[in-house]
1. Taking the chain, how much of its Cα-Cα pair set, in percent, is spaced more than 18 angstrom apart?
2. So if I place +1 on the C-beta of Lys and Arg and -1 on the C-beta of Asp and Glu, and nothing else carries charge, what would the dipole magnitude of the chain be about its Cα centre? I want it in debye, nearest 20.
3. Farthest toward the dipole's positive end in the chain, which of Asn49, Ala75, Ala115, given Cβ charges of +1 (Lys, Arg) and -1 (Asp, Glu) about the Cα centre?
4. From the backbone phi of the range 66-75, what are the Karplus-calculated ³J(HN,Hα) couplings (6.51 cos²θ - 1.76 cosθ + 1.60, θ = phi - 60°) in whole Hz, Gly and Pro given as x?
5. Along the range 44-52, what does the Karplus equation 6.51 cos²θ - 1.76 cosθ + 1.60 (θ = phi - 60°) give for ³J(HN,Hα), rounded to whole Hz, x for Gly and Pro?
6. Quick check on the range 74-117: take the gyration tensor over C-alpha atoms, sort the square-rooted eigenvalues as a ≥ b ≥ c, and tell me if it's rounded (a/c under 1.5), prolate or oblate.
7. Return a single number: how many Lys pairs in the chain, at a sequence separation of 8 or more or on separate chains, have alpha-carbon atoms below 24 angstrom apart.
8. How many nm is it between the label spots at Val30 and Tyr53, if each spot is 7 Å from the Cα in line with the beta carbon?
Amino acid sequence: AFIGPPVGAINAMGDKIESKKLAEKANVSVVPGHTEAVSDPDMAVEIANKIGYPVMLKASAGGGGKGMRIAHNDAECRDGLERARSEAASSFGDDRVFVEKFIVEPRHIEIQVLADK
C-alpha cells in the first residue's frame with residue numbers, strides 16, 4: 001500500500017514555483033523572490049536588483065542542483081538565466097526558471113511526519 005500525500009500535493013510540491021505560491025498563500029515564510037517564471041534577461045536583472053544580489057536563478061522543475069545558477073551582478077544574472085533555462089530544458093523538459101535571494105550558509109532542517117485520517 002502506498003503511504004503518502006494525494007497526487008495533487010505531489011504534483012504541486014514537485015513544481016518549485018507552484019509550491020512557493022502555495023506556501024505564501026498559507027502564510028509560510030519563504031525565501032524572498034519572484035513567484036513567476038522568468039525568460040527575459042532584462043526582467044531577471046530587474047527582479048535581482050529589487051531583491052538584492054546575490055540571487056539564485058532556479059529551475060522550477062527537477063532537483064539535484066541542476067538548472068541553478070548564482071548571480072552576484074547583472075552580467076552574471078543575464079548569463080545565468082540563459083544557462084539555467086538551457087540546463088533545465090535538457091534535464092527536465094521544462095525551461096521555467098525563477099529568481100530568489102541566494103541564502104549564504106543555509107541550514108537544511110527536515111521533519112518526517114506520518115499520520116492517518
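1. Working: 3664 of 6786 pairs.
Counting pairs separated by more than 18 Å, the tail of P(r) holds 54 percent.
2. Working: 15 positive and 18 negative charges, 64 e Å.
With Lys and Arg at +1 and Asp and Glu at -1, about 300 debye.
3. Ala115
4. The phi angles translate into 7, x, 10, 9, 8, 10, 9, 7, 4, 5 Hz.
5. Whole-Hz 3J(HN,Hα) from phi for the range 44-52: 4, 5, 4, 5, 4, 5, 5, 6, x.
6. Working: a/c = 3.83, a/b = 1.69, b/c = 2.26.
Oblate is the answer for the range 74-117, as a/c is 1.5 or above yet b/c matches or exceeds a/b.
7. 22
8. 2.5 nm
Each value in this text was obtained by applying a stated rule to the coordinates, not by laboratory testing. Quick caveat, the model's predicted, so the values are computed rather than measured. A quick note on method: Cβ atoms are made from the backbone with ideal geometry, for glycine too, and the neighbour counts reach across all protein chains shown.
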